[in-house]
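The values are calculated or read from the model by the stated rules, or taken from the named source; none is laboratory data. Because the structure is a prediction, the values reported are computed rather than measured. When we count neighbours, we look across all protein chains shown, and the Cβ atoms used for this are built from the backbone with ideal geometry, even at glycine. All accessible areas refer to the heavy atoms of the entire protein, side chains included, with ligands and DNA or RNA removed. Shrake-Rupley method; radii C 1.70, N 1.55, O 1.52, S 1.80 Å.
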Amino acid sequence: MNHTARMKKAVLTSTVATGLALAIPTVADAALGDQTLRQGMNHSDVTQLQDQLKSKGFFTYEQSTGYFGTITTQAVRDFQKANNLKVDGIAGPQTIGALKGNSSNSNNNSNNNSSSNNTSNASSNTSSSNVSYSGILRVGSRGNQVTQLQSQLRSAGFFNQNPTGYYGNDTREAVRSFQRSKNLTADGIAGPKTFGALNNTGAKAPAPTNQTNKNTNQASPAPSSSTVLRVGSRGAAVTDLQNQLKSVGVFNQNATGYYGNDTRDAVRKFQSANGLTADGIAGPKTFAKLGQGSTYNPGTNVKNETANNNSGSSNSGATVTNLIAEASKHIGVSYRWGGATPAGFDCSGFIQYVFKQQGINVPRTAASQYSAGQSVSSLQVGDVVFFETYKSGPSHNGIYIGNNQFIHSGTSTGVTITSMDNSYWKPRYLGAKRF
């Protein structure tokens, strides 16, 4: 090959190489929208996605991580739901386009001229001023929007504390009570429908009765077979419930007519001791048991093998009652792989945390918990039930609460109460262990 031919080949090769280099974007040039993002990915685009979601109030983790995990999936789902997109938790062209546009989760009915921080209930005929919200608020959220939410809930009679700006369990319960009053899904998560209901109506809780216990000799009307009382309920029926709970030894205060956390915990203790689902909600079965003259005896449903007879405050029945009450406090907390705190639980992390609050140390994983527990042939409240799911052997567990139900942290539900007769769980049941 002569010199001229070699020169032409060199020029041609250089030109082709340059063209290829210009046609292929470098990693540094990659940007959100260049690819579809889904759970399991670890990429700088995921960081941008999380930043966008965070700016709109959907990604509430403390910092963007670049890893597309369950928290990011849920944030994407929440954004999609708020913007009428297909809710699949996958960030594709439509979702990313909406994020980059002006879409948000703000309430379109917000003709707000005030911050609604006036919590006075002096005029029950005047609805709360509208507040503009963006994003979704849930346990763990912080900031001014949470303060505004608490103020509106308080003015409506569902939140009986001063606003704190932190979305904890009390705020979640207040949201649930409000949602039930408006026939909304009572998930304790404040989203567009909840915000809309707060803004578009006075949303008053049942009016307090200002009832003192002056007429304690006057019988209160018995609750009807359809009565259901829960946190946020008020009135004579609540007063009557509290007096009944007090008479059986689970409520150690004067009746107030307001169903708060103390009343809920008393109901849970009574339910647990009488073989009912310990959800803290007083419904027909709870009223029926109270009407039968059932009493609070922590040892009734739990074999009191380790009771210290020299100490009335230390017995296994009381421990189990407190165990179920502790577990129930976390209903609604989201699932988090590897999570073992109220910021997010996986199944065995939930078990470990709840038992630890009662001074009982258990291993970390479902398999090791299964190996460490004492096998039981007959289920009792407080036993840990195990299931075989995605692999052979124990891979999921929960705490048995009676009435063939268990409380657990499910990957798609977070902490919730589920029936063991459920078509998914029943065939996967392995057995139970006692700690």
Applying the Karplus parametrisation 6.51 cos²θ - 1.76 cosθ + 1.60 with θ = phi - 60° to the phi angles of the stretch 338-349, what ³J(HN,Hα) value in whole Hz is obtained for each residue in order, glycine and proline being reported as x? x, x, 9, 9, x, 6, x, 10, 9, 4, 6, x
Mind ranking 356-366, 381-391 by how tightly packed they are, going by the mean number of other C-beta atoms within 10 angstrom, highest first? 381-391, 356-366
If amide hydrogens are placed 1.01 Å from N in the peptide plane, which non-local residues have theirs closer than 5 Å to the one on Tyr133? Asn107
Do any of Lys285/Lys356; Lys56/Lys86; Lys246/Lys289 go past 26 Å between their Cα atoms, and which? Lys285/Lys356
Of the heavy-atom accessible surface of the stretch 309-435 (probe 1.4 angstrom), what whole percent is carbon and sulfur? 45 percent
Taking 81-91, 368-378 and ranking on average Cβ neighbours within 10 Å, highest first, one gets 81-91, 368-378
Can you list the residues, at least 5 places off or on another chain, whose amide H is less than 5 Å from the amide H of Gly188, using H built in the peptide plane? Arg176
Per-pair calculated FRET efficiency, R0 = 30 Å: Ser377 and Tyr424 via Cβ, rounded to 0.05: 0.80
